[in-house]
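Enquirer: I'd like to ask some things about the structure below.
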Amino acid sequence: MQNRNLGNDGLEVSALGLGCMGMSYGYGPPSDKKEMVALIHAAIDLYYQHRSPFKPENLDANQILVKLVKEIATGKAVTPAQIALAWVLAQKPWIVPIPGTTKMHRLEENLGAATVELTNDELQDLDDALAKIEISGDRYPVEYAKRVGKKGETK
């Protein structure tokens with residue numbers, strides 16, 4: 001399937017995905033292709049500009065947690081992503097992470113998290129680290145938080 005790069009951060013979507021974005025004949029006559037591609041690029045660039053946890057000052061502040069996850073991953077010979085998913089799986093039996101991917105090797109990596117067993121001490125270390133860290137950066141800009149029912153809450 002043909003893919004297209006959108007925005008400045010290398011986000012790739014399938015041609016079929018563009019149709020699902022409401023820019024296809026299914027929603028009336030299609031608009032000018034260049035205009036629609038420009039609109040998508042602008043929307044993606046705007047989204048990434050507002051992802052506060054990914055701003056440089058917030059990335060630095062959140063490295064403490066990243067370092068701990070990497071240390072545990074190295075000790076178990078797995079990836080940090082697998083540790084993160086294993087931690088989510090360990091929270092409650094009814095919580096199921098739904099990571100998204102378009103790459104087979106990432107799907108296999110994600111599935112591998114189901115075999116990662118975190119010890120009680122590792123879970124406690126992660127929980128302790130999380131309790132001590134004030135995650136820096138809002139999840140959403142205030143105007144977006146309101147759109148998803150957070151009423152100004154951004155964390």
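Just so it is clear, none of the values below were taken in a lab; they were calculated from the coordinates. Every value quoted in this text rests on a predicted model; they were computed, and no experiment measured them. Note that we place each Cβ from the backbone using ideal geometry, even for glycine, and neighbour counts take in every protein chain shown.
Enquirer: Rounded, prolate or oblate: which one fits segment 66-125, using the alpha carbon gyration tensor with axes a ≥ b ≥ c (rounded when a/c is under 1.5, else prolate when a/b beats b/c, else oblate)? Numbers along the way, then the final one.
Expert: Details: a/c = 2.10, a/b = 1.27, b/c = 1.65.
The shape class here is oblate.
Enquirer: Another question about this same structure. Stretched out fully, how many nm does the piece from Asn120 to Ile98 gain, at 0.36 nm a residue minus the Cα gap? The partial results should precede the final answer.
Expert: Working: separation 22, 0.36 × 22 = 7.92 nm, distance 2.36 nm.
Between Asn120 and Ile98, full extension yields 5.6 nm more.
Enquirer: Say R0 is 25 Å: what FRET efficiency, to the nearest 0.05, do Asp60 and Ala131 get from their beta-carbon distance?
Expert: On the way: r = 20 Å, r/R0 = 0.80.
Working from the Cβ atoms, E equals 0.80.
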